[in-house]
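The values are calculated or read from the model by the stated rules, or taken from the named source; none is laboratory data. Since the model is a prediction, treat every value here as computed from it, not as a measurement. Don't worry about glycine lacking a Cβ; one is built from the backbone with ideal geometry, like all the others, and counts go over all protein chains shown. Quick note on the areas: whole protein, heavy atoms, side chains included, nothing else; ligands and nucleic acids left out. Shrake-Rupley method; radii C 1.70, N 1.55, O 1.52, S 1.80 Å.
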Amino acid sequence: MQFVLIEPNIAENYAILRLNRPRELNALNLQLMQELRAGLQLLDADDNIRCIIITGNERAFAAGADIKQMQERTAIDMLKIDQFSTWDAIRKTKKPIIAAVSGFALGGGCELAMLCDMVIASETAMFGQPEIKLGVMPGAGGTQRLTRAVGKALAMEMVLTGRFIDANKAYQFGLINKIVPVEYYLQEAITLAKEIAQLSPLAIRLAKESVNKAFDATLNEGLEFERKNFYMLFASQDQKEGMAAFVEKRTAHFEGK
Ligand code: DAK
């Protein structure tokens, strides 16, 4: 892979996917998105990996979809390329994904961060949906996920003006989980990934599914869904192990069975 580097840590059960077009501020061209999809599918199927981190570099997580690649496209080109299938596939990743964001997370870059389950940001992170300045609008969840995350007032302001918000504001409005100094943002994401990797991968998978259900279900449907997943976990060895370990006052070792 050229634009996405896979850095697995088998011993600690996590992997980093690093967006790697630094000269273009990690602009998300088609090849990069296809590589990201392939990387996520590979890691999602690998039992040694229990948590995935997507990151860029200090200057940019991703400055959006590749404007130069999109510039001359027609609506029919966009339809045929069907980039959404790539985004949909990424959304279906079962394992938890942490975005480790430093610098620009704009347009598709902000949408990619929001597609992740948690976001750790450096103090220099900037989030924005500047598509409006290009004569278009967000197309990969920017109007929906951003609004759910930060509320209507700020989402409208960001989407209608293209203004960026800094890490402090993003934290204040619940878009991200934590802000750390720039030299530690990846390490902080790794610490979080390692903590998750020690838990039951089955419980983590069903818990992730259940939280996501809250975004597209009524409260009753969501509660039903949660209950079924909760019951299902009592069929796992991990549940027996987790509860036995508590009673025996020892650390649980979860095998995902
Ligand atoms: N695309 C292509 N190249 C980009 C880029 C981008 N989004 N962002 C930066 N670059 C390139 C610049 O052109 C420049 O390359 P050269 O000109 O040197 O060859 C290089 O990266 C460095 O950028 P700058 O020289 O501009 O650096 P500055 O520090 O001065 O400015 C900036 C940084 C981030 C403020 C600025 O580069 C900027 O405004 N970038 C564009 C940000 C933006 O408008 N992003 C939204 C793009 S639209 C879809 C899914 C998603 C999307 C669409 C469809 N489907 C599923 C169908 C998403 C759309 C978008 O994201």
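Look at (1) touching a residue at least 60 places away in the same chain (Cβ under 8 Å); (2) open to solvent by 10 Å² or more (accessible area, probe 1.4 Å); (3) within 16 Å of the chain's Cα centre (by Cα); (4) within 24 Å of Asn212 (Cα to Cα) and you find that Asn13 fails only one, number (3). Only one entry in Ala100, Ala63, Ala75 is among the small types (Gly, Ala, Ser) and out of contact with any strand residue (DSSP E or B) (no Cβ under 6 Å at 6 or more places or on another chain), namely Ala75. Residue under question is Leu206, and the condition is that it be among the aliphatic types (A, V, I, L, M), in contact with a Gly (Cβ under 6 Å, 6 or more places away or on another chain) and either farther than 16 Å from Ile53 by Cβ or not in a helix (DSSP H, G or I) (or both); does it hold? Spelling it out, it is not the case that Leu206 is among the aliphatic types (A, V, I, L, M), in contact with a Gly (Cβ under 6 Å, 6 or more places away or on another chain) and either farther than 16 Å from Ile53 by Cβ or not in a helix (DSSP H, G or I) (or both).
If you scan segment 174-203, which residues turn out to be in a helix (DSSP H, G or I), within 23 Å of Ala149 (Cα to Cα) and of a type in the set (A, V, I, L, M, F, W, C)? Within segment 174-203, Leu186, Ala189, Leu192, Ala193, Ile196 meet the criteria. Residue count for segment 20-60 satisfying the condition of being within 13 Å of the ligand (Cβ to nearest atom) and among the hydrophobic types (A, V, I, L, M, F, W, C): 8. Can we say Gly142 is within 12 Å of the ligand (Cβ to nearest atom) and buried (at least 21 other Cβ atoms within 10 Å of the Cβ)? Judged against the criteria, Gly142 is a match.
Suppose we keep only residues that are within 10 Å of the ligand (Cβ to nearest atom) and over 15 Å from Gly56 (Cα atoms) within segment 115-134. Which one would you say is surrounded by the most Cβ atoms within 10 Å (Cβ to Cβ)? Step by step, filter segment 115-134, then rank; the result is Gln129.
Pairs linking a residue in segment 222-234 that is of a type in the set (A, V, I, L, M) to a residue that is not in a helix (DSSP H, G or I), with Cβ atoms under 8 Å and 6 or more positions apart or on different chains, are Leu233/Ser200.
Being over 19 Å from Phe164 (Cα atoms) and modelled with pLDDT of 95 or more is a property that Pro96 has. Residues that are modelled with pLDDT under 95 and within 26 Å of Arg205 (Cβ to Cβ) do not occur anywhere in segment 47-60. Considering the conditions (1) in a loop (DSSP other than H, G, I, E, B); (2) within 16 Å of the ligand (Cβ to nearest atom), Glu12 is excluded by exactly one of them, (2).
Residues are listed down the side, and each one gets a yes or a no for (1) open to solvent by less than 20 Å² (accessible area, probe 1.4 Å); (2) away from the ligand (no atom under 16 Å from the Cβ); (3) modelled with pLDDT under 95:
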| residue | (1), (2), (3) |
| --- | --- |
| Val136 | no, no, no |
| Gly151 | no, yes, no |
| Glu157 | no, yes, no |
| Ala167 | yes, no, no |
| Ala189 | yes, yes, no |
| Lys194 | no, yes, no |
| Leu202 | no, yes, no |
| Glu209 | no, yes, no |
| Leu219 | no, yes, no |
